[in-house]
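Below: one structure, written as C-alpha cells.
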Amino acid sequence: MNNQENKKIKITMLLLIVAAILTAISAFMSLWRIDLAAPQYPEGLVLFIGGFDGVSGNLYGINELNHYVGMAKIIPSEFWEFQLLPYLLLGFAALFLVSAFVKKKGLSLFSLILFGIFGILSFVDFYYWTYTYGHNLDASAPIKVPGMAYQPPIFGYKKLLNFEAFSQPDLGGYLLIAAGLILAFAVLYRFDFFGLCKKKSV
C-alpha cells in the first residue's frame with residue numbers, strides 16, 4: 001500500500017468519525033421545526049420534531065387551533081417513528097464509526113446508501129403525517145372553509161387562512177445534513193471520484 005493510499009484511508013477515517021459525532025449529537029436535538037405566526041399569537045407557536053421527545057413545542061396552543069378547524073389532536077405518543085428516530089441516529093453513528101475503523105470501501109459505501117434511503121423514507125413519512133393531519137378534517141369543526149386543507153409545508157413558507165407557517169431544519173437537522181455531506185464526500189474521496197473527474201477534464 002503506497003503513501004497516497006494510506007493518506008486517503010486516514011482522511012476518510014477522520015471524515016467518517018466526524019460524521020458519526022455529528023449524527024450522534026443530532027439524536028439528542030430537535031431536527032425540524034414548524035413555526036406558526038398569526039395576529040392572535042404575536043409571540044408565535046412552534047412545533048419541534050426530533051430528539052427523545054419525538055414531537056414537542058407549543059402543543060397546547062397548536063391543538064387548540066387544530067380543534068377549531070377540525071384537525072386531529074397532536075399526541076406525541078402516536079408518532080412512534082419520531083420516538084424511534086434518536087435510536088436510529090445513534091445506530092447510524094455507530095455504523096459510521098465501524099466503517100471508519102474497519103476501513104473497507106464497501107462498508108462506507110453501504111453506510112452512505114443506507115443513510116440516503118433513511119433520509120428519503122423520513123421525508124416520505126413526514127409528508128404522510130402532514131397530509132393526514134391537514135386533510136382529514138372533522139366535519140363538525142367550528143370553522144369550516146369549503147375545499148380548504150391545512151397541510152403545513154414540508155419545507156418553506158405557506159399561508160393557512162390568517163396563519164403563516166414556515167417549516168425548516170432546526171439545529172439538529174443542520175448537523176445531520178452536515179453529517180450526510182461529510183459522509184458523501186468521504187465515500188467519493190475514498191473511491192477516488194475526484195481524481196477520476198480530474199483525469200477526465202485533462
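Every number in this text was worked out from the coordinates using simple rules, so none of it is lab data. None of the values given here were measured: they were computed from a predicted structure. Methodologically, a virtual Cβ is constructed for each residue, glycine included, from the backbone with ideal geometry; neighbour enumeration extends over all protein chains shown.
Within straight cross-link reach of K158, meaning Cα distance under 16 Å, which aspartates and glutamates are found once same-chain residues fewer than 8 apart are removed? List returned: D35. Taking every alpha-carbon pair under 8 Å whose residues sit at least 6 apart, the chain reaches a relative contact order of 33 percent. Legend: calculated FRET efficiency, L121 to A37, from the Cβ-Cβ distance at R0 = 22 Å, rounded to 0.05, equals 0.15.
How far, in degrees from 0 to 90, does helix 59-69 lean away from the longest principal axis of the Cα atoms of the chain, to the nearest 10? It is inclined by approximately 50 degrees. Straight-line reach from K105: taking Cα to Cα under 13 Å and skipping same-chain neighbours fewer than 8 places apart, the aspartates and glutamates in range are E5, D192. Note on K159 and L188: with the Förster distance fixed at 35 Å, the Cβ-Cβ geometry gives a FRET efficiency of about 0.30. Round to the nearest 10 and give me the degree value, 0 to 90, for the angle of helix 3-26's Cα axis relative to the longest principal axis of the chain. Tilt of helix 3-26: around 20 degrees. May I ask for the angle, rounded to the nearest 10°, between helix 171-190 and the longest principal axis of the chain, with both axes built from Cα atoms and the value confined to 0 to 90°? Tilt relative to the chain: about 30 degrees.
Each of M71, M148 has some number of other Cβ atoms within 10 Å of its Cβ, and from fewest to most they run M148, M71. Overall, the ratio between the Cα radius of gyration of the stretch 3-201 and 2.2 N^0.38 Å, rounded to two decimals, is 1.27. From least to most packed, judged by other beta carbons within 10 angstrom and beginning with the fewest, I113, I177 follow the order I113, I177. Calculated FRET efficiency, I143 to F52, Cβ-Cβ distance, R0 = 45 Å: about 0.85 to the nearest 0.05.
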